[in-house]
Amino acid sequence: MASCAETEFIAQTAKRIGVSQEEPSATSSLYKVGNPYQINGTWYYPAIDYSYEETGIASWYGSDFHGKSTANGEKYDMNTMSAAHRTLPLPSFVRVTNLENGRSVILRVNDRGPFARGRIIDVSRRGAQLLGFEGKGTARVNVAILADESRAIAQQMQRGTVQLASADSPLSVDRLPKSSVNSESLAPPPGAKMAAERPAQKLPSASPAPPREQTPLATETLANPVVEAVATVAVAPSQIFVQAGAYSVYDNANRVAARLADVGNVGIASALVNNRDVYRVRVGPMASVEEADSTLEQVIRAGYNDARIVVVQ
């Protein structure tokens, strides 16, 4: 059954044909990470990653999916601050920064996608409007998970029911785990004086103690980070490349670069990752996203199926 459910959510969240005009309605939200899944021959591996940060190309999705179910059981509303990501836990929170104009917003990830090659996140129409690329369709972005907020909502949703009704509303949990408390009598430390012991008092048997007033369950709240607001930050100039692969041996990277010489301007960028040298074979820079998409297809046809578009600052 779990496998069937996973297949169903993939079918629902892949780019579908048809337009739905129904209004989203409130549905139960589920916390999920999910199993590995395959779309168009590519495998994706959902995982908890509170250090996630990536630069790349963002796109947006709107009326074709408005009112349809998201991957964690909600209804997609293109007018809210949400997003789709291929592997992050659902839900989680990310800050998306448009590297072309410095606009930055916080979005709630509640769906899977995008499944077009060369894209790292699909934002809602409202998100694209505030980020300033609704008309253009795509943008160079930096996406970084909000670790504390994402960890908190994961813990809360696995404990009880979480309500996140709208922007600026608190995140409410209506039941919390009760901690057990043990007590024991300890001997006084050396030299300490004992207080005089009070005589025990008996309650009259004819007047039983009144019943204790029922105390409502405590409600744990934390701020909802998703608000319809735009921050403007300084951004460095960026360039678009197609990365064919990353290699730990320079000779291997050099051979790949030679094979891709006919595709375009090929270079090898070295980096230190976990105290190890990594050599990245990249084609570019590209003048536009369209050029990068075309080059990516050429690199994939050359046999490098893990090639992807990267944005370098």
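The values are calculated or read from the model by the stated rules, or taken from the named source; none is laboratory data. Worth saying up front: this structure is predicted, and the values here are computed from it rather than measured. Quick reminder, even Gly has a Cβ in these numbers, built from the backbone with ideal geometry, and neighbours come from all protein chains shown.
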Looking across the range 247-272 at residues that are in a loop (DSSP other than H, G, I, E, B) and polar (S, T, N, Q), the single one that is nearest to GLN298 (Cα to Cα) is ASN265
Any residue at all in the range 41-54 that is surrounded by fewer than 20 Cβ atoms within 10 Å (Cβ to Cβ), assigned to a loop (DSSP other than H, G, I, E, B) and either touching a helix residue (DSSP H, G or I) at 6+ places or on another chain (Cβ under 6 Å) or modelled with pLDDT under 95 (or both)?
-> yes
Counted residues in the range 268-285 being hydrophobic (A, V, I, L, M, F, W, C) and modelled with pLDDT of 95 or more come to 5
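Residue-wise test of (1) of a type in the set (A, V, I, L, M); (2) out of contact with any strand residue (DSSP E or B) (no Cβ under 7 Å at 6 or more places or on another chain); (3) under 27 Å from GLY41 (Cα atoms).
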{"site": "GLN239", "(1), (2), (3)": "no, no, no"}
{"site": "GLN243", "(1), (2), (3)": "no, no, yes"}
{"site": "ASP251", "(1), (2), (3)": "no, yes, no"}
{"site": "ALA258", "(1), (2), (3)": "yes, yes, yes"}
{"site": "GLY264", "(1), (2), (3)": "no, no, yes"}
{"site": "ASP277", "(1), (2), (3)": "no, no, no"}
{"site": "MET286", "(1), (2), (3)": "yes, no, yes"}
{"site": "VAL289", "(1), (2), (3)": "yes, no, yes"}
{"site": "SER294", "(1), (2), (3)": "no, yes, yes"}
Looking at ALA244, is it assigned to a helix (DSSP H, G or I) and crowded, with 20+ Cβ neighbours inside 10 Å?
-> no
Unmet criterion (only one of (1) at pLDDT 95 or above; (2) surrounded by fewer than 20 Cβ atoms within 10 Å (Cβ to Cβ); (3) of a type outside the set (Val, Ile, Thr)) for GLY127 = (2)
Taking the range 54-75, which residues are of a type in the set (Ser, Thr, Tyr) and within 20 Å of THR138 (Cα to Cα)?
-> THR55, SER59, TYR61, SER63
Would you say ARG103 is more than 25 Å from GLY34 (Cβ to Cβ) and either buried (at least 23 other Cβ atoms within 10 Å of the Cβ) or not hydroxyl-bearing (Ser, Thr, Tyr) (or both)?
-> yes
Specify the residue that is nearest to the chain's Cα centre (by Cα); the eligible residues are those in the range 292-307 that are closer than 20 Å to VAL141 by Cβ and surrounded by 21 or more Cβ atoms within 10 Å (Cβ to Cβ).
-> ALA307
Out of all the residues in the range 247-277, which are touching a helix residue (DSSP H, G or I) at 6+ places or on another chain (Cβ under 9 Å), among the hydroxyl-bearing types (Ser, Thr, Tyr) and exposed (fewer than 14 other Cβ atoms within 10 Å of the Cβ)?
-> SER270
Quick one: is ASP111 acidic (Asp, Glu) and over 10 Å from the mean Cα position of the chain (by Cα)?
-> no
